[in-house]
1. About the Cα centre, and with charges only on the beta carbon of Lys, Arg (+1) and Asp, Glu (-1), how big is the dipole of the chain? Nearest 20 debye, please.
2. Return one number: the angle in degrees, 0 to 90 and rounded to the nearest 10, between the long axis of the Cα atoms of helix 153-163 and the longest principal axis of the Cα atoms of the chain.
3. Can you tell me the orientation of helix 9-19 relative to the chain, as the angle in degrees between its alpha-carbon axis and the longest Cα principal axis, to the nearest 10?
4. Sort Leu244, Leu81 by Cβ crowding within 10 Å, fewest neighbours at the top.
5. Rg to Rh ratio, the stretch 153-194, alpha-carbon atoms and Kirkwood radius?
6. If we count other beta carbons within 10 Å of each Cβ, what is the order of Trp178, Trp124, fewest first?
7. For the chain, just the Cα set please: Rg and Dmax, both in angstrom.
8. Percent relative contact order of the chain, based on C-alpha pairs within less than 8 angstrom and at least six residues apart?
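Values quoted throughout were computed directly from the atomic coordinates according to the rules given, and no laboratory measurement underlies them. Not measured: the values here are computed from a predicted model. With ideal geometry, Cβ positions are generated from the backbone for all residues, glycine too; neighbour counts draw on all protein chains shown.
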Amino acid sequence: MSTLKVVSSKLAAEIDKELMGPQIGFTLQQLMELAGFSVAQAVCRQFPLRGKTETEKGKHVFVIAGPGNNGGDGLVCARHLKLFGYNPIVFYPKRSERTEFYKQLVHQLNFFKVPVLSQDEENWLEYLKPEKTLCIVDAIFGFSFKPPMREPFKGIVDELCKLQDRIPIVSVDVPTGWDVDEGPISHPSINPAVLVSLTVPKPCSTYIGEKHTTHYVGGRFIPRDFANKYGFEPFGYEYTDQILKL
Ligand SMILES: NC(=O)C1=CN([C@@H]2O[C@H](COP(=O)(O)OP(=O)(O)OC[C@H]3O[C@@H](n4cnc5c(N)ncnc54)[C@H](OP(=O)(O)O)[C@@H]3O)[C@@H](O)[C@H]2O)[C@H](O)CC1
Ligand SMILES: [K+]
């Protein structure tokens with residue numbers, strides 16, 4: 001059995017479909033909770049608060065959530081970061097009307113007093129000052145991005161490209177704007193400091209620069225036989241960890 005390290009977007013969608021199908025019965029909410037939780041753990045691993053000054057601890061984690069499930073991962077991640085003692089702020093310019101569930105995720109952020117900025121709050125760039133921001137979580141688009149990028153996200157990603165040398169970006173599952181299989185197809189493109197691949201890395205992850213980008217796998221919810229069925233070995237997560245550095 002080949003131990004392929006990546007699966008195509010088609011296979012990733014098939015994996016999701018089977019995980020949420022009648023035999024296995026995961027709900028999207030369950031997978032998103034574990035996915036978002038693993039991204040929060042990766043932020044903590046990469047940007048630990050322990051031993052940091054009060055100023056460092058007061059910096060924001062700026063989570064940009066897109067209109068789909070990648071965005072949902074970001075909303076979940078922000079909630080866990082708050083519980084971990086971080087200072088998340090969510091920018092959610094285009095709120096998904098897909099299901100009630102997204103509204104509940106925003107209610108939970110309100111409950112935890114995590115600010116959720118919408119598009120008409122022009123001051124979102126105010127939060128992107130290096131001295132105020134620990135990192136940016138890119139939860140804009142995942143494996144369903146189809147170019148060309150439409151506004152308001154094109155403008156947002158252009159700003160991120162200008163800032164990424166001064167504020168580290170943590171990309172959820174796929175760096176936004178990359179093709180899930182072909183990698184960075186448009187320029188300029190996001191070049192994340194951290195990539196958290198969910199369930200299993202996608203082909204685009206082979207285009208990250210290993211010196212520049214720390215790569216984690218998260219979304220720990222599949223057993224060995226299921227992984228082998230899709231041609232890969234399960235990842236050797238340590239004990240209760242929700243992420244593994246690759
Ligand atoms: N198994 C797991 O680990 C799980 C992964 N999850 C995450 O889900 C995303 C995939 O989510 P999906 O909703 O299928 O897609 P995206 O979030 O990537 O984006 C879809 C939305 O983006 C809009 N879109 C697409 N292309 C463009 C564009 N060029 N310009 C503007 N907007 C765009 C699209 O809008 P449409 O109108 O085109 O439909 C969608 O609104 C995966 O990557 C993981 O992060 C889940 O958490 C489940 C478990
Ligand atoms: K992303």
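1. Details: 28 positive and 28 negative charges, 81 e Å.
So the dipole magnitude of the chain works out to roughly 380 debye.
2. Value to nearest ten degrees: 70.
3. Taking the Cα atoms of the chain, the angle to 9-19 is about 80 degrees.
4. Values: Leu244 18, Leu81 25.
Ranking Leu244, Leu81 by Cβ neighbours within 10 Å, fewest first, gives Leu244, Leu81.
5. Details: Rg = 9.6 Å, Rh = 10.4 Å.
Value, to two decimals: 0.93.
6. Values: Trp178 28, Trp124 18.
Placing the least packed residue first, the sequence is Trp124, Trp178.
7. 17.0, 52
8. Values: 461 pairs, mean separation 54.2, N = 246.
Relative contact order of the chain: 22 percent.
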